[in-house]
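K.L.:
What follows is a structure written as structure tokens; I'll ask about it next.
Computed from the coordinates by the stated procedures, all read-outs in this text should not be read as laboratory data. In this text, all values refer to a predicted model and were calculated from it rather than measured experimentally. In this analysis, Cβ positions are derived from the backbone assuming ideal geometry, glycine residues included, and neighbour counts consider all displayed protein chains.
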Amino acid sequence: MDSLRVVFMGTPDFAVPTLQALIDGPHEVVGVFCQPDKQKGRGKKVQMPPVKECALAADLAVYQPVTLRDEAAETLLRSLAPDVIVVVAYGKILPPWLIRLPKYGCLNVHASLLPKYRGAAPIHWAILNGDRETGVTIMQMNDGLDTGDMLETIPLTIKAGETTGELFDRIAPIGGEVINEVLAKALAGSLQPVPQDDSQATYANKITKEMGALDWTRSAVALANQIRGLSPAPGCFTFLEAGKRIKVWQACAMANEVVKTKNISVTAGDPIPGTIIGVTEKSFLVATGEGVLEVLEVQPDNKKRMNAGDFCRGHQVKAGLILNA
């Protein structure tokens, strides 16, 4: 056997580079599974998942079952007779019978260095926690949640100030760069599975809109990571006053030495966390539970993003205002 019959399962943009690599590679993609089309935007226009668009452009058969846990789905997948199933952010947990169906099993492209950040949002949590390294793991799937043996790991350094969106764009192509090599090793019988150390496992829970609320009693470093980690979605927010919300899109933690160069005096425990302690040409400075956060880009409700200094001048926001008061 020189090539494999591959079923691909994935849904969002992140999965597209791996699918495209399979399409361009030596193996036969016999079916592509993704989540059903969904209504999006204010007009509720029905949109295809990115994986479906990629598959249709390559004239591949696309399947969008609501569930994989019924007789119809099982009959369909058995009829496709895959040698291997490649899974990238499909969006549903695979039933045990499916994991055991192909000769070479199910291989998952996961956006972390397992066992760290098992679960739904590994890229977000790497940024939220201020990590300096992440990567991609190609894993042999089993019945657990991202608990299978590791077949390939590709580390990646997180850049200073990098957002989830920016890191997403750098990580997404990695699966495509290595998947055909991993399949070649599977065919040759040269894969060397490495069991995960479960004692080192962490979990990347789903991201919610509520996580965007900025708590100014946290440290400036933690807040900067939160803003990076939730950009571009769902975004972080604070309140100038009751009901007057602004989103915060870009900010950085400032060392005390830098604060002093701006002729702003900050003493421990004073002022209250959330107090704007100064406005510059391009930013405003906020006291936090530890350190000072320089806010660089904001967005009032129903308005465009703007320079934070311009926002302050246009809305008469001055030092002394306490956010979330």
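K.L.:
With a length cut of 18 Å (Cα positions projected on each helix's long axis) and a Kyte-Doolittle mean of at least -1.0, go through the chain and give me the DSSP H helices that pass.
P.N.:
Within the chain the helices that satisfy the rule are 164-188.
K.L.:
Moving on to the next point. Can you tell me the convex hull volume per residue for segment 5-204, based on C-alpha atoms, in Å³ to the nearest whole number?
P.N.:
123 Å³
K.L.:
Over what distance in Å are the Cα centres of segment 202-227 and segment 36-65 separated?
P.N.:
31 Å
K.L.:
Related question: Whole-Hz ³J(HN,Hα) for each residue in segment 82-95, computed from phi via Karplus 6.51 cos²θ - 1.76 cosθ + 1.60 with θ = phi - 60°, x for glycine and proline: what do you get?
P.N.:
Result, rounded to whole Hz: x, 7, 8, 10, 9, 10, 9, 6, 5, x, 9, 6, 7, x.
K.L.:
Let's see if you can work this out: charge +1 on each Lys and Arg Cβ, -1 on each Asp and Glu Cβ, no other charges. What is the dipole magnitude of segment 209-314 about its Cα centre, in debye to the nearest 20?
P.N.:
Its charge dipole is roughly 360 debye.
K.L.:
Normalised by the residues of the chain, what does the relative contact order come to in percent, with Cα pairs under 8 Å and at least six apart?
P.N.:
Here the relative contact order equals 13 percent.
K.L.:
Let me ask something else about it. Using DSSP to call loops (not H, G, I, E or B), can you name the chymotrypsin sites (Phe, Trp or Tyr not before Pro) in segment 159-247 whose Cβ has at most 13 other Cβ atoms within 10 angstrom?
P.N.:
none
K.L.:
Still on this structure, please answer the following. Please give every one of the lysines within straight-line cross-link reach of Lys40, meaning a C-alpha to C-alpha distance under 30 Å, and leave out same-chain neighbours fewer than 8 residues apart.
P.N.:
Lys40 reaches Lys52, Lys92, Lys206, Lys209, Lys244, Lys247, Lys303, Lys304.
K.L.:
What ranking do 3-13, 67-77 get when scored by the average of other Cβ atoms within 10 Å per residue, highest first?
P.N.:
So the peptides 3-13, 67-77, ranked by packing, come out 3-13, 67-77.
K.L.:
Could you please rank Ser231, Ser219, placing first whichever residue has the fewest other Cβ atoms within 10 Å of its Cβ?
P.N.:
Ser219, Ser231
K.L.:
Given the C-alpha centroids of segment 271-301 and segment 140-185, what is the distance between them in whole angstrom?
P.N.:
That distance is 36 Å.
K.L.:
Moving to a separate point now. How big, on average over all directions, is the shadow cast by the Cα convex hull of segment 209-314, in nm²?
P.N.:
Answer in nm², one decimal: 6.3.
K.L.:
Considering only Gly189, Phe239, Ala224, whose Cα is most displaced toward the positive end of the charge dipole of the chain, charges sitting on Cβ of Lys, Arg (+1) and Asp, Glu (-1)?
P.N.:
Selected residue: Phe239.
K.L.:
Moving on to the next point. Given Cβ point charges of +1 (Lys, Arg) and -1 (Asp, Glu) and nothing else, what value in debye, to the nearest 20, does the dipole of the chain about its Cα centre take?
P.N.:
1260 debye
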